[in-house]
Amino acid sequence: MTASAERSATETERQPDTTPPEIREVLDGLLEHMPGGVAYCRMEYADGQARDVHILYANPAFHIQTGLAQAAGRRISEIVPKLPRVDSALLEAFGRVADGGPPESFVMHVRSMAQWFSISTYSPRPEHLVLMLDTVTERKKAEMALAERATQLRFVLEGSELGFWDWDILTGKVERNPRWGQILGYTVDELQQTAQQWSDFVHPSDRDRAWASIFDVIEGRAAAHKLEYRMLHKDGSIRWILDQAKVMQRDDNGKAIRMCGTHTDITERKLLEEELRRQAHVDYLTGVYNRRHFMERAEHELRRAIRYGSPLSILMLDIDHFKQINDRYGHKIGDTVLKAVADLSHATFRDVDIIGRLGGDEFAVLLPETNLQFAIEAAERLRETITNARIPFSDGAPMSFSVSIGASSVSPSSNHIDALLNLADEALYKAKEGGRNRVCGSGAVLET
């Protein structure tokens, strides 16, 4: 650092503290009793690079979270000698912030301490930083870090990604920090200080559930409010929110009069979870159900059909001469043909019908509430649709192809899914033996 920068920092540090004593007492008490780790530090530089961290103040929770005793007044290199060498990336991040950079929040494995930490840091003055941390495994920081005064709590949450709200239940007034609105695409000026606005932003299908969770805490039936639900973004999209809160104050009769909480945007996690669920059920190429999920759905529908004496049919189909298509036109065209079969099947069958790819070019369709006659008619419609379809080439005439289909229905001798599939497979074999591009049926309708 330059000499002028050092002088500037020194002059800043020498400025008198004009904070009223009663406010300073509240702030000191807040920091001393916070469950989240907070430290106020000064960075030390050499040749323009961050070399060490001098811990000027650490609250009790900081010692608990880190396991470092008597950290205040000492350098990190004294307490954890390996840290500057083993975790140089951590020092670099602290150095960037203290040297005038923006606040940073990140999750990092601190190898010298053999722990994973969630860390947020910002700089209130040159070469200094406020450090807030918690162990990732506990995930209680936002819930436990609620404080009595919203303005003091926002000071602690300055560099985090949490939307903070403080609800005066008696007056109905709600204080929110800028991040709360940013999650939903709103500025501070666009936010109203009411609980009703929050309720209006909650997705209508989740609104009753969200209010029920809030009132469970207010009325003492639950210790904390912790709920994942959807909220409406200003642009019309949906955001998934993790909402965590506690009643922070009750009157002499135990009636809740103040409640504070945080919002965390978990949309990306929810989308990832949904995609993983989809991938677990869907064939990646064609978009229809994969074999495992198709069989699960088929077993469920079969049990229902047997229980209520309802008709149920299944179709087995594969693409005629599919190997020759792959050999002649290549696997890319072969994949296009497979997708076409799936798309045309979706267009032909009902929403209640269940389509799956069992493997290779073999597909199956489960038809609830459908006897063998109507199943054969539906299969014939699909066969004709596929026969008339054309697969376009980028540099040639469109290609046509056909399928063979076997159909079977529930009967006393085929009352489990394997038997039903075997009958459909036998019918498919007959269709191929009969010259392909045709439909054959097998089995009889279960009498009700």
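The values are calculated or read from the model by the stated rules, or taken from the named source; none is laboratory data. Fair warning: this is a prediction, and the values are worked out from it, not measured in the lab. Note: ideal-geometry Cβ built from the backbone for every residue, glycine included; neighbour counts use all protein chains shown. These area figures cover heavy atoms from the full protein model, side chains too; ligands, DNA and RNA do not enter into them. Shrake-Rupley method; radii C 1.70, N 1.55, O 1.52, S 1.80 Å.
A few remarks follow.
- Residue list for segment 363-373, restricted to those being over 14 Å from G287 (Cβ atoms) and either out of contact with any helix residue (DSSP H, G or I) (no Cβ under 9 Å at 6 or more places or on another chain) or buried (at least 20 other Cβ atoms within 10 Å of the Cβ) (or both): A364, V365, L366, L367, T370, N371, L372, Q373
- A count restricted to segment 109-135 and to residues that are more than 14 Å from R42 (Cα to Cα) and charged (D, E, K, R) stands at 2.
- Scanning segment 176-217 for residues that are farther than 15 Å from H233 by Cβ and either touching a strand residue (DSSP E or B) at 6+ places or on another chain (Cβ under 7 Å) or not aromatic (F, W, Y) (or both) yields a count of 21.
- Residue ID - modelled with the lowest pLDDT, chosen from residues in segment 10-57 that are in a loop (DSSP other than H, G, I, E, B) and more than 38 Å from the chain's Cα centre (by Cα): Q15
- With respect to the conditions (1) modelled with pLDDT of 95 or more; (2) open to solvent by 60 Å² or more (accessible area, probe 1.4 Å); (3) not basic (K, R), L232 lacks only one, and its number is (2).
- Of residues in segment 401-419 being assigned to a loop (DSSP other than H, G, I, E, B) and more than 24 Å from G334 (Cβ to Cβ), the one modelled with the highest pLDDT: V410
- Verdict on I376 being open to solvent by less than 20 Å² (accessible area, probe 1.4 Å) and out of contact with any Ser or Thr (no Cβ under 6 Å at 6 or more places or on another chain): no
- Residues in segment 196-212 that are open to solvent by less than 20 Å² (accessible area, probe 1.4 Å) and closer than 21 Å to E175 by Cα: Q197, S199, V202, A210.
- Residue selection: D351 fails the criterion of being in a helix (DSSP H, G or I) and acidic (D, E).
- Any hit, segment 413-429, residues being touching a strand residue (DSSP E or B) at 6+ places or on another chain (Cβ under 9 Å), over 20 Å from M295 (Cβ atoms) and without any contact (Cβ under 8 Å) to a residue 40 or more places away in the chain: yes
- Filter result for R357 (on the phi < 0 side of the Ramachandran plot, surrounded by fewer than 14 Cβ atoms within 10 Å (Cβ to Cβ) and not in a helix (DSSP H, G or I)): no
- Any hit, segment 420-442, residues being at negative phi, at pLDDT below 85, in contact with a helix residue (DSSP H, G or I) (Cβ under 8 Å, 6 or more places away or on another chain) and not in a loop (DSSP other than H, G, I, E, B): yes
- Subset tally (residues that are assigned to a strand (DSSP E or B), among the polar types (S, T, N, Q) and surrounded by fewer than 19 Cβ atoms within 10 Å (Cβ to Cβ)) for segment 235-247: 0
- For first residues located in segment 247-259 and in contact (Cβ under 8 Å) with a residue 40 or more places away in the chain, partners that are among the aromatic types (F, W, Y) and in a strand (DSSP E or B) and lie 6+ apart or on another chain with Cβ distances below 9 Å form the pairs R258/W167; M259/W165; M259/W167.
- Among the candidates D189, D166, residue that is outside any loop (DSSP other than H, G, I, E, B), acidic (D, E) and out of contact with any helix residue (DSSP H, G or I) (no Cβ under 6 Å at 6 or more places or on another chain): D189
- Filter result for I314 (β-branched (V, I, T), over 30 Å from L170 (Cα atoms), in a helix (DSSP H, G or I) and over 30 Å from the mean Cα position of the chain (by Cα)): no
- If the condition is being in contact (Cβ under 8 Å) with a residue 12 or more places away in the chain and either in a helix (DSSP H, G or I) or hydrophobic (A, V, I, L, M, F, W, C) (or both), then segment 86-95 contributes V86, A89, L90, L91, E92, A93, F94, G95.
- Of the residues making up segment 90-112, those that are at pLDDT 90 or above and aliphatic (A, V, I, L, M) are L90, L91, A93, V97, A98.
- Residue, nearest to A347 (Cα to Cα), within segment 282-301, restricted to residues that are open to solvent by 70 Å² or more (accessible area, probe 1.4 Å) and not charged (D, E, K, R): Y284
- Residue in segment 391-398 that is hydrophobic (A, V, I, L, M, F, W, C), open to solvent by 40 Å² or more (accessible area, probe 1.4 Å) and touching a Pro at 6+ places or on another chain (Cβ under 8 Å) present: no
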